[in-house]
1. Given the chain, what percent of its DSSP beta bridges are antiparallel, to the nearest 5?
2. Would you work out the Kirkwood radius for the range 64-218? I mean one over the mean of 1/r across all pairs of different Cα atoms, in Å.
3. Can you tell me how much longer the chain between Glu38 and Leu166 gets when fully stretched, taken as 0.36 nm per residue apart minus their C-alpha distance, in nm with one decimal?
4. Quick check: pseudo-label points 7 Å beyond the Cα along Cα→Cβ at Asp214 and Arg232, how many nm apart are they?
5. Between Gln76 and Asn150, what is the label-point separation in nm under the 7 Å Cα-to-beta-carbon projection?
6. Measuring from centroid to centroid over Cα atoms, what is the spacing of the range 122-195 and the range 37-111 in Å?
7. Can you compute the radius of gyration and Dmax for the range 73-156, using only the Cα atoms, both in Å?
8. What does the convex hull of the alpha-carbon atoms of the range 127-249 project to on average, in nm²?
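The values are calculated or read from the model by the stated rules, or taken from the named source; none is laboratory data. Model, not experiment: these values are computed from the prediction. Every residue, glycine as well, gets a Cβ built from its backbone with ideal geometry; the counts of neighbours run over all protein chains shown. Heavy atoms of the whole protein, side chains included, go into the accessibility calculation; ligands, DNA and RNA do not. Shrake-Rupley method; radii C 1.70, N 1.55, O 1.52, S 1.80 Å.
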Amino acid sequence: MKHSILIAALLCLLMGALARAETYQLVTEEWAPYNYRENEHITGMATEVVRAIMALTGDDFEIRMRPSMRASRVLQTQPRTIMYSMFRTPEREPLFKWVGPIAEESIYPYQLAIAAQPIHTLEQLLHTPRITTRHAGLVPTMLASMGFDNLDTSATESEQLYRMLLAGRTEVIIGDTDTGVAYYSRQLGIAPGSLRRVPIELYRSSLYIAFSRDSDDALVAAWAAALARLRRSGELARIQRRYERRDDQ
C-alpha cells in the first residue's frame, strides 16, 4: 500500500511538472464556506482542497477572488484559467475540463421558523409573495427557468439574504447550501432554531474544479490524480468535516 501511494505521488509530481511550463490563473468567487475571504486571506473548504492538490502537484498558482459573473467570464474567455468551486451542470459540461467532485451539495429554501405560514410544497413556494436570491448566477437562473416570477434579485452578497429575512423584508431566501446557511448563521449570530429549512430540494449537484478548454491535459490529469490521492488518504474527508453543517439549525 505504501509503495502504491508513493508511486501515485510521484506520478502527480511528474504530470504536474510536464504542464507547468506555462502559468495558469486560478480564480474563485465569494461563496462561503467553500471559498471566501477572511482577514484578507482566501480560505474555505474548496480552497483548502485546491491548496492540498497544489502541494502534491508542485503547482503554486496564485488564487484571485473575482465577483461571481466575472470569474465565470474569465474562465470562458481567457486562456489557461482554472476556477473553483463550480456546479457541474449539463449546460456547462462541454465548456470546460473537470476535476472532482470536491463535494456534493443541495440547495433548499429557508424561511423564519416563526413564519405565520410554513411552506411545505412547491406550489406554495411558487405563490410566496417574495423570494430573495442573489442578483446573478446559477440559482436565480435556475429559479427563473422553473417558473418563479416572484423573485427579488437585489442581493449582491449572501449576507444580505439573511439580513433581509430577519428584518421581514422577504418571506423566503434561496442561495446557499445547508453548510452555507450554517456558516452565515454563525457569522451573523443568528440564534439556533431561528431559521427553518423548507423541505423542497431545488437543486442537487457536485462541486468541481473547472479548467478552460485549452488547459493542458497533463495538468488536468495531475490535479485529478492528486485529488484521488487526497480522497484515498482520508484528507479530503477531514477537510470537509471541518466545514460540515453543525447541529444549530
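1. Rounded to the nearest five, the antiparallel share is 65 percent.
2. Result for the range 64-218 stands at 16.7 Å.
3. Here the segment from Glu38 to Leu166 would lengthen by 43.7 nm.
4. 3.4 nm
5. Spacing of the two 7 Å Cα→Cβ label points: 3.0 nm.
6. First find each Cα centre; the distance between them is then 22 Å.
7. When restricted to the Cα atoms of the range 73-156, Rg and Dmax are 16.3, 52 Å.
8. Seen from a random direction, the Cα hull of the range 127-249 projects 9.8 nm² on average.
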